[in-house]
1. Of all residues in region 11-41, which are part of a helix (DSSP H, G or I) and more than 6 Å from the ligand (Cβ to nearest atom)?
2. Looking at region 162-216, which of the residues that are in a helix (DSSP H, G or I), within 16 Å of the ligand (Cβ to nearest atom) and of a type in the set (Gly, Ala, Ser) is surrounded by the most Cβ atoms within 10 Å (Cβ to Cβ)?
3. Do we have any residue at all in region 86-97 that's exposed (fewer than 14 other Cβ atoms within 10 Å of the Cβ) and either out of contact with any Phe, Trp or Tyr (no Cβ under 6 Å at 6 or more places or on another chain) or closer than 24 Å to residue 183 by Cα (or both)?
4. Would you tally the residues in region 121-149 being over 16 Å from the mean Cα position of the chain (by Cα), surrounded by 15 or more Cβ atoms within 10 Å (Cβ to Cβ) and within 16 Å of the ligand (Cβ to nearest atom)?
5. Does residue 118 satisfy being within 15 Å of the ligand (Cβ to nearest atom) and not in a helix (DSSP H, G or I)?
6. In region 135-158, what count of residues is obtained for those that are under 29 Å from residue 4 (Cβ atoms) and out of contact with any strand residue (DSSP E or B) (no Cβ under 8 Å at 6 or more places or on another chain)?
7. For region 140-160: of the residues being of a type in the set (A, V, I, L, M) and in a helix (DSSP H, G or I), which is farthest from residue 95 (Cα to Cα)?
8. Looking at (1) surrounded by fewer than 13 Cβ atoms within 10 Å (Cβ to Cβ); (2) among the hydroxyl-bearing types (Ser, Thr, Tyr); (3) touching a residue at least 60 places away in the same chain (Cβ under 8 Å), can you tell me which one residue 235 breaks?
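What follows is calculated from the coordinates using simple rules that are stated; it is not laboratory data. Values in this document were obtained by computation on a predicted structure and should not be read as measured data. Here Cβ is always computed from backbone atoms with ideal geometry, including for glycine, and neighbour counts include all displayed protein chains.
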Amino acid sequence: MTRLSGKVAIVTGSGGGIGQAIARRFAAEGAHVWVTDINGETAEETVRGIKAKGGAATAMLVDVSKGQDLTALVRSVEAAHGRADVLVNNAGILVRGEVRQLSDADWTKLREVNLDAILRLSRDALPLLRKSQSPAIINISSIMAHRGLRPLAAYTATKGAITALTKGLAVEYAPFNIRVNSIAPGYVETGITDRLLKLPPVKQALIDKTPMGRLGRPEDLVGAAVFFASDDSLYCTGSELAVDGGMGAGL
Ligand SMILES: NC(=O)c1ccc[n+]([C@@H]2O[C@H](COP(=O)([O-])OP(=O)(O)OC[C@H]3O[C@@H](n4cnc5c(N)ncnc54)[C@H](O)[C@@H]3O)[C@@H](O)[C@H]2O)c1
């Protein structure tokens with residue numbers, strides 16, 4: 001497995017869930033992965049696991065909602081490699097609740113982590129990405145970006161904005177040869193969905209809505225990420241790939 005051989009990849013929120021699965025696979029494909037997370041311990045653990053399998057990775061505590069953390073990340077990657085080939089904007093949080101009960105603080109937090117961070121890091125990492133031969137940005141959106149889902153209007157609004165930002169950035173960064181694509185997962189069993197999926201009727205209802213008859217696992221997302229990170233997608237930009245067991249097609 002050498003599809004990402006020699007590439008330098010940053011994956012935000014990769015101490016767990018989908019980001020961790022992507023980081024592990026990128027390393028297995030030959031990339032040096034910057035495993036960054038607000039939880040420094042899980043980032044370190046992930047890196048230990050990658051190194052134990054012969055991969056290359058660096059752990060860093062990065063809260064994507066903090067501008068100074070993003071600046072420190074860009075500086076560290078620059079000092080170590082002088083460039084970045086792949087940026088996966090994966091870190092995300094879920095705030096459940098009806099909009100009419102949502103506090104300004106909750107909305108601000110959701111927006112800062114899920115959306116503002118993608119804009120800021122895609123901007124701040126631009127000089128590093130421009131030094132790559134075939135740079136790629138991958139944003140993790142959601143199939144729910146295109147649908148109303150109660151009580152998740154605020155969360156889905158951030159995901160809709162990620163999809164729109166991906167297309168806008170694809171157009172803006174195309175002259176720099178930087179591809180910008182997004183992945184839209186369906187329901188995946190991770191920390192974000194843990195509480196929801198512990199309710200057996202909810203879990204079964206979601207499985208019933210999934211034509212392939214099961215929920216996603218973090219590993220189900222990695223093939224799409226490798227495709228957009230690798231030179232197999234050199235003519236793709238502004239695309240969104242749903243990885244959802246057919247849920248979006250059937251809804
Ligand atoms: N699980 C799903 O069903 C699903 C569906 C669609 C989209 N997504 C998206 O996938 C992405 C990954 O989520 P997941 O399902 O793996 O959830 P997860 O909770 O398992 O993983 C999210 C990771 O991001 C980290 N994180 C949270 N806030 C952060 C911050 N401020 N700075 C840096 N890291 C932070 C967490 O510590 C965690 O390691 C998110 O953007 C989520 O919205 C998930």
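1. 20, 21, 22, 23, 24, 25, 26, 27, 28, 40, 41
2. Looking at residues that are in a helix (DSSP H, G or I), within 16 Å of the ligand (Cβ to nearest atom) and of a type in the set (Gly, Ala, Ser), I get 164.
3. Yes: region 86-97 contains one or more residues that are exposed (fewer than 14 other Cβ atoms within 10 Å of the Cβ) and either out of contact with any Phe, Trp or Tyr (no Cβ under 6 Å at 6 or more places or on another chain) or closer than 24 Å to residue 183 by Cα (or both).
4. 2
5. No; evaluated as a whole, the condition is false for this residue.
6. Qualifying residue count, region 135-158: 2.
7. Only one residue tops the list, namely 143.
8. Looking at each condition in turn, residue 235 falls short on (3).
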